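Visitor: What follows is a structure written as structure tokens; I'll ask about it next.
Every number here is computed from the coordinates shown, using simple stated rules; none is lab data. Just so you know, these numbers come straight off a predicted model, no measurement behind them. Note that each Cβ is placed from the backbone with ideal geometry, even for glycine, and that neighbours are counted across all protein chains shown.
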Amino acid sequence: MPLTFDDLLARARALPRGGRRALLGVAGGPGAGKSTLAEHLVRELNGTGEPWVAHVPMDGFHLADAELDRLGRRDRKGAPDTFDAAGYAALLRRLREEADADTVYAPGFERVLEQPLAGAVPVPPSARLVVTEGNYLLLADGAWARVRSCLDEVWFCELEEAERVRRLVARHERFGKSHRDAVAWALGTDGRNAALVAATRDRADLVVPATAMPAGRS
């Protein structure tokens, strides 16, 4: 039987065991649908009752543009070395180890400003499942290698390449890039990052096809 979104909901719902907090990672290339999948999982699992699932995007650990300028990496924004990977791994470890302590605040990311926002995402002790998503959850290099061990499972979003690029170009245009610049970025910087992410696919616990993602249900 083909994997369905309902199957994903059941699998995610079963991750917290014995009252402990579980962490689910959603990986995939730029434009593959990670954020959409994570947001739908969180909304459906929380339903109309007391929220017990939190969403903590990796994008909050983008380095600020001022720091990227200082490092000479602004033209590669989105590459692995333009994030605070060690800080992200430390947050995941804290979310696991301090599950019953005070609310933990994670950084968010403002897409209009293209900047991280400190303390924007609260994770209360009542959150028994944390869904985190980003490109490099399965990367084995440098500080990124610490991320995988903090996660109970990592799912990999797989989308046909032409559709992934189409969605990515549309997103860049939506946030202010001209069509020409959007295509250049999607095929250049994002393209190189996507190839790097694709090489981590085999490390995932589950590969999620487009037909099982929320956008593929209609």
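Visitor: Look at Arg171 and say whether it is surrounded by 14 or more Cβ atoms within 10 Å (Cβ to Cβ), within 18 Å of the chain's Cα centre (by Cα) and more than 22 Å from Leu196 (Cα to Cα).
Guide: So Arg171 fails the test.
Visitor: Name the residue that is nearest to the chain's Cα centre (by Cα), counting only residues in the range 7-47 that are of a type in the set (S, T, N, Q) and surrounded by fewer than 17 Cβ atoms within 10 Å (Cβ to Cβ).
Guide: Thr36
Visitor: Of the residues in the range 81-126, how many are surrounded by fewer than 18 Cβ atoms within 10 Å (Cβ to Cβ), in a strand (DSSP E or B), free of Cβ contacts under 8 Å to residues at least 60 places away in the same chain and aliphatic (A, V, I, L, M)?
Guide: 2
Visitor: Moving on to the next point. Just need a number here: residues in the range 191-218 that are of a type in the set (Ser, Thr, Tyr) and either part of a helix (DSSP H, G or I) or over 22 Å from Glu153 (Cβ atoms) (or both).
Guide: 2
Visitor: Quick one: which residue in Gly19, Gly31, Gly78 is on the phi > 0 side of the Ramachandran plot, in contact with a Pro (Cβ under 9 Å, 6 or more places away or on another chain) and part of a loop (DSSP other than H, G, I, E, B)?
Guide: Result of the check over Gly19, Gly31, Gly78: Gly78.
Visitor: Among the residues of the range 127-138, write down those that are within 15 Å of Glu153 (Cα to Cα) and either over 17 Å from the mean Cα position of the chain (by Cα) or loosely packed, with under 12 Cβ neighbours inside 10 Å (or both).
Guide: Arg128
Visitor: What about Arg174, is it basic (Lys, Arg) and touching a residue at least 24 places away in the same chain (Cβ under 8 Å)?
Guide: no
Visitor: Any chance you could count how many residues in the range 174-190 are in contact with a helix residue (DSSP H, G or I) (Cβ under 8 Å, 6 or more places away or on another chain) and either surrounded by 13 or more Cβ atoms within 10 Å (Cβ to Cβ) or within 23 Å of Trp155 (Cα to Cα) (or both)?
Guide: Looking only at that region, the number is 9.
Visitor: I would also like to ask the following. Check the range 53-68 and report whether any residue there is over 26 Å from Arg167 (Cα atoms), out of contact with any Pro (no Cβ under 8 Å at 6 or more places or on another chain) and assigned to a helix (DSSP H, G or I).
Guide: yes
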